[in-house]
Structures are given as C-alpha cells and as structure tokens.
1. Could you give the distance between the Cα centres of the stretch 105-166 and the stretch 1-60, to the whole Å?
2. For helix 37-83, what angle does its Cα long axis make with the longest principal axis of the chain, in degrees from 0 to 90 and rounded to 10?
3. Taking every Cα atom in the chain, find the radius of gyration and the maximum pairwise distance Dmax, and write them in Å.
4. If you roll a 1.4 angstrom probe over the protein chains with everything in place, what fraction of the accessible area of the chain belongs to carbon and sulfur, to the nearest %?
5. State the extension gain, in nm to one decimal, for the chain segment bounded by Gln51 and Lys105, taking 0.36 nm per residue of separation less the distance between their alpha-carbons.
6. Can you work out ³J(HN,Hα) from phi for every residue in the stretch 145-159, in order, using Karplus 6.51 cos²θ - 1.76 cosθ + 1.60 and θ = phi - 60°, giving whole Hz and x for Gly and Pro?
7. Using the heavy atoms of the protein chains and a 1.4 angstrom probe, tell me the accessible area per residue for the chain in square angstrom.
8. What FRET efficiency comes out for the pair Ser41/Gln61, r = Cβ-Cβ distance, R0 = 30 Å, nearest 0.05?
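The values are calculated or read from the model by the stated rules, or taken from the named source; none is laboratory data. Quantities reported herein were computed from a predicted structural model and do not represent experimental measurements. Methodologically, a virtual Cβ is constructed for each residue, glycine included, from the backbone with ideal geometry; neighbour enumeration extends over all protein chains shown. Only protein heavy atoms, including side chains, enter the accessible area calculation; ligands, DNA and RNA are left aside. Shrake-Rupley method; radii C 1.70, N 1.55, O 1.52, S 1.80 Å.
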Amino acid sequence: MNDYILKFKRLHKREQNLLLGSAAFLLLVILYLTIWEPVFSSLENEITKNQSQKTILAWMQDAEKQVQAIRSTNNIVSADIASQSISSLVEKSAVSSGIRSAINKIKSDKKQAIKVQFNAVEFDRLAQWLGKLQYDYAITPKLITISHSDKPGLVSCQVTLEKSSS
C-alpha cells in the first residue's frame with residue numbers, strides 16, 4: 001500500500017488531480033450502478049404494478065355492479081317462474097320452440113310433475129326443448145319413452161317432467 005502512496009506522491013500535481021478525479025468518478029459510477037439505479041428501477045416497477053392493480057380493481061368493481069344487477073334481475077325472473085305452474089311453463093316453452101303442434105296430450109301427474117305425449121315430433125327440436133326447459137325453467141325430464149316414426153327424423157315419445165325445488 002505504501003508503494004502506491006509513494007508512486008502517487010511522485011506524480012505531478014496535474015496527474016494527481018486527474019487520478020483523484022478519475023477515482024471519484026469511478027466511485028460515483030459504482031455507487032450509481034449498485035445502489036441508485038436498482039432502487040429507482042424497482043420503485044418504477046412497483047409504481048407501474050400499483051397503477052395496473054388500480055385499473056384491475058376499478059374494472060372488477062364495475063363488473064361486480066353488473067353481476068349484482070344481473071343477479072337481481074335473475075331473482076325477479078326466477079321468482080316469476082317459480083310462481084307459474086309447470087304446465088304453463090311447458091306450454092309456453094313448447095310454443096316458443098315450435099313443437100306445440102306435435103303435443104298430443106298434457107297430463108298433470110302431481111303438483112311439480114307433468115306427462116307430455118308427442119306424436120311425430122322432430123327429435124332435434126325435442127332435445128333442444130328439453131335442454132331449454134332444464135336451463136331456463138329448472139324442469140328436468142325424469143322418464144322418457146321414445147319410439148321411432150315412419151318418417152326420418154321424427155319420433156313419438158312420452159316425457160315425464162318434474163320441476164326442481166331449487
């Protein structure tokens with residue numbers, strides 16, 4: 001170490017100043033690269049993340065309001081559906097599905113069940129109608145008896161439908 005100090009003292013004043021200035025500059029660069037830049041880079045990243053999270057939060061709050069509005073609408077519709085008889089719901093859905101003309105007989109079995117007899121109904125429409133009953137009105141088929149018809153795509157069937165209690 002003493003050798004370096006002796007070599008430094010032997011240099012001209014101008015060279016000493018240049019060497020001290022270079023060392024100070026190098027020290028500042030090292031401090032900047034190891035401390036200042038990583039800290040402020042992390043800070044900028046956290047600020048960006050925070051702004052992104054605030055945007056997501058605002059979107060989620062808007063979505064929550066929409067979901068609550070839809071739920072309240074569904075509750076009103078569900079209460080309306082729950083108050084209707086199963087036969088009226090079956091009748092209404094059969095008309096909207098275009099299979100009402102194929103219904104031969106509707107017979108109430110009990111309060112929450114009904115038997116529907118079809119003559120020459122399109123199988124695809126029947127399947128779609130049963131799905132619509134289950135999805136829209138919580139009316140599920142409990143027993144289905146299907147027999148083929150002379151015409152392709154048409155079937156005769158008897159369906160026992162039951163309204164779910166939920």
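1. Centre-to-centre (Cα) distance: 78 Å.
2. For 37-83 against the chain, the angle is about 10 degrees.
3. In Å, with Rg to one decimal and Dmax whole: 40.0, 118.
4. Ligands and nucleic acids excluded, carbon and sulfur give 58 percent.
5. Working it through step by step, the gained length comes to 13.1 nm.
6. For the stretch 145-159, the Karplus curve yields 10, 10, 10, 6, 10, 5, 8, x, x, 9, 9, 10, 7, 10, 10 Hz.
7. Values: 12770 Å² over 166 residues.
Per residue, the chain has an accessible area of 77 Å².
8. Computed FRET efficiency for Ser41 and Gln61 comes out at 0.45.
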